Amino acid sequence: MNLSITPSPLGGELAAIPSKSDAHRVLILAALSRGTTRIEINRLSDDIQTTIDCLCALGAEIRRTSDALIVRGISAFAELPELNCRESGSTLRFLLPVAAVCGVNARFSGSGRLPERPIGELVEAMRLHGVRFSTEQLPFSMEGQLSGGEYALKGNVSSQYLTGLLLALPLAKEDSILKLTTKLESAAYVEMTLRTLRSFGAAVEEQNGVYRIPGSQVYRTPGIIRVEGDWSNAAFFLAAGALKSRVRLTGLSKLSPQGDQSILSALTRFGAHVQQSYDVVEVSPGALHGCELDVSETPDLLPILAVLAANATGETRLVNAARLRYKESDRLTATANLVNALGGKAEELPDGLIVSGGGLCGGTVDGCRDHRIVMSAAIASIACREPVTILGADAVNKSYPEFFEDFAHLGGKWHVV
């Protein structure tokens, strides 16, 4: 689907959608728990549905209501299930060790860029602990049961490897020690994992990059659990508030462990006006100016930060973002192309971008089958002088299917071309 957007300011109030990151973790632990869990969530995305489908293939029973998912824990695992992870890296990296620790021999597949995205270090760690893989790359079959013991992982490759093992190893028969050999990046996502584990009664101790995980644990449902609001997707509309008119988002917890809550400090650095209460955030325009931002902890924010930078005065440097080359697109190249296609100036570095301010004109942006590139281009349009056409705009379905409906609710004007 291709869209044409007529430049128009966004303003008003919107409720944040549920966090995709939180939903993956809660769903998996609910499926592994004894009893039934009510997960309060009123919107789903393609990635969340992918995790639901894979958990059902493993043997879970999941029923959807208007405002919740009712999950009955797996009583007997399916034999030789087919787990199609589609384009969801979280689903693949979380369920590989989870299925293996439960002794499930499964076949994994994926689509889009997922077969190209790195999983080598996770696969090797699992091989050293009793798991066999038919090939090095999706699709592949997996056999054997993941054991506990000592694990070593780099912390700067993907926090999802660590999360997958943290979700799995409490169920191993043996105790485990998981050591990070380099500094952990995207640490907030691991803190989210630990918090969710505690909600389901698991015990994991962490000290100085070493995780001690008692084996033979049993996950216990909390009964009812709510998926918190999504800071990652809220960042796009909060950035819109910095460009033209005040935007107010509700349902964003100030106490959330989500790393992308740092969009607020980035907006403040750029010069926008930010107000935050317990679960409401309001952003209004200011005199935006360039700055340097280290995005190693929050790389997914880079595309929308580049849009802000293009509309600021002076130069902005976005650094420590090499991991973005292995997302749904090469997100560094895709973001630079976005800014340049709209009449701005972005220079690509091996691990970041340099964006020159001065404003954007309009033009055609290739969405690159990447939800964050599409949403960034849509927000960029509100500060352009000419229309913006986005190719492949339906990529938003991966994380935010109602994005363009919410865009229109705040005053955006678009039509299919």
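For LEU95, the criteria (1) open to solvent by 10 Å² or more (accessible area, probe 1.4 Å); (2) touching a Gly at 6+ places or on another chain (Cβ under 9 Å) hold in every case but one, which is (1).
Just one of the listed residues (GLN258, GLN276) is open to solvent by 20 Å² or more (accessible area, probe 1.4 Å) and of a type outside the set (Val, Ile, Thr), namely GLN276. Of all residues in the stretch 58-89, those satisfying the criterion of being in contact (Cβ under 8 Å) with a residue 40 or more places away in the chain and within 22 Å of ARG38 (Cβ to Cβ) are LEU58, LEU69, VAL71, GLY73, ILE74.
Screening LYS244 with (1) open to solvent by less than 30 Å² (accessible area, probe 1.4 Å); (2) farther than 29 Å from ALA68 by Cα gives one miss only, at (1).
Table: residues versus (1) farther than 21 Å from ALA30 by Cβ; (2) small (Gly, Ala, Ser); (3) within 25 Å of the chain's Cα centre (by Cα).
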residue	(1), (2), (3)
ALA68	no, yes, yes
SER75	no, yes, no
ARG93	no, no, yes
ALA100	no, yes, yes
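Among the residues of the stretch 363-380, just one is within 18 Å of ALA310 (Cα to Cα), outside any helix (DSSP H, G or I), open to solvent by 10 Å² or more (accessible area, probe 1.4 Å) and in contact with a helix residue (DSSP H, G or I) (Cβ under 6 Å, 6 or more places away or on another chain), namely GLY363.
Just to be sure, is LEU169 of a type in the set (A, V, I, L, M, F, W, C), farther than 25 Å from GLN261 by Cβ and either without any contact (Cβ under 8 Å) to a residue 12 or more places away in the chain or in a helix (DSSP H, G or I) (or both)? Spell out how you get there, then give the answer.
Values: of a type in the set (A, V, I, L, M, F, W, C): yes; farther than 25 Å from GLN261 by Cβ: yes; either without any contact (Cβ under 8 Å) to a residue 12 or more places away in the chain or in a helix (DSSP H, G or I) (or both): yes.
In short, yes.
Summed over the stretch 311-338, residues that are assigned to a helix (DSSP H, G or I), in contact (Cβ under 8 Å) with a residue 40 or more places away in the chain and in contact with a helix residue (DSSP H, G or I) (Cβ under 6 Å, 6 or more places away or on another chain) total 4. The set of residues from the stretch 180-206 being charged (D, E, K, R) and part of a strand (DSSP E or B) comprises GLU205, GLU206. Filtering SER141, SER147 for residues that are assigned to a strand (DSSP E or B), over 30 Å from ARG38 (Cβ atoms) and not hydrophobic (A, V, I, L, M, F, W, C) leaves a single hit, SER141.
Looking at ALA383, ALA341, which is the one that is in contact (Cβ under 8 Å) with a residue 12 or more places away in the chain, over 25 Å from ASP47 (Cβ atoms), touching a helix residue (DSSP H, G or I) at 6+ places or on another chain (Cβ under 7 Å) and open to solvent by 10 Å² or more (accessible area, probe 1.4 Å)? Answer to the selection: ALA383. Consider the stretch 394-417 and keep the residues that are touching a strand residue (DSSP E or B) at 6+ places or on another chain (Cβ under 6 Å) and within 26 Å of GLY357 (Cβ to Cβ). The one that is least open to solvent (accessible area, probe 1.4 Å) is LEU410.
Of the set (1) touching a helix residue (DSSP H, G or I) at 6+ places or on another chain (Cβ under 7 Å); (2) open to solvent by 10 Å² or more (accessible area, probe 1.4 Å); (3) in a strand (DSSP E or B); (4) within 30 Å of ILE390 (Cβ to Cβ), all apply to ILE62 but (4). Is it true that ILE28 is of a type in the set (A, V, I, L, M), open to solvent by less than 50 Å² (accessible area, probe 1.4 Å), under 23 Å from ASN397 (Cβ atoms) and part of a strand (DSSP E or B)? Judged against the criteria, ILE28 is not a match.
One line per residue, one yes/no per condition, for (1) of a type in the set (Gly, Ala, Ser); (2) open to solvent by 30 Å² or more (accessible area, probe 1.4 Å); (3) assigned to a helix (DSSP H, G or I); (4) within 21 Å of GLU191 (Cα to Cα):
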residue: VAL104; (1), (2), (3), (4): no, no, no, no
residue: VAL123; (1), (2), (3), (4): no, no, yes, no
residue: MET126; (1), (2), (3), (4): no, no, yes, no
residue: ASN156; (1), (2), (3), (4): no, yes, no, yes
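I'd like to know if the stretch 171-184 contains one or more residues that are open to solvent by 20 Å² or more (accessible area, probe 1.4 Å), over 26 Å from ARG323 (Cα atoms) and among the polar types (S, T, N, Q). Scanning the stretch 171-184 turns up no residue that is open to solvent by 20 Å² or more (accessible area, probe 1.4 Å), over 26 Å from ARG323 (Cα atoms) and among the polar types (S, T, N, Q).
Residue pairs whose Cβ atoms lie under 8 Å apart, separated by 6 or more positions or on different chains, with the first residue in the stretch 250-266 and more than 17 Å from PRO18 (Cβ to Cβ) and the second open to solvent by 40 Å² or more (accessible area, probe 1.4 Å) and of a type in the set (Val, Ile, Thr), are LEU264/VAL274.
Checking each residue in the stretch 207-241 for being farther than 23 Å from LEU69 by Cβ, open to solvent by less than 10 Å² (accessible area, probe 1.4 Å) and either part of a loop (DSSP other than H, G, I, E, B) or of a type in the set (A, V, I, L, M) (or both) picks out ILE213, ALA235, LEU238, ALA239, ALA240. Within the stretch 290-300, identify whether any single residue is of a type outside the set (Gly, Ala, Ser), open to solvent by 30 Å² or more (accessible area, probe 1.4 Å) and without any contact (Cβ under 8 Å) to a residue 60 or more places away in the chain, and answer yes or no. Checked against the condition, which is being of a type outside the set (Gly, Ala, Ser), open to solvent by 30 Å² or more (accessible area, probe 1.4 Å) and without any contact (Cβ under 8 Å) to a residue 60 or more places away in the chain, the stretch 290-300 yields at least one hit.
The values are calculated or read from the model by the stated rules, or taken from the named source; none is laboratory data. Because the structure is a prediction, the values reported are computed rather than measured. In this analysis, Cβ positions are derived from the backbone assuming ideal geometry, glycine residues included, and neighbour counts consider all displayed protein chains. In case anyone asks, the SASA skips ligands and DNA or RNA and just uses the protein heavy atoms, side chains included. Shrake-Rupley method; radii C 1.70, N 1.55, O 1.52, S 1.80 Å.
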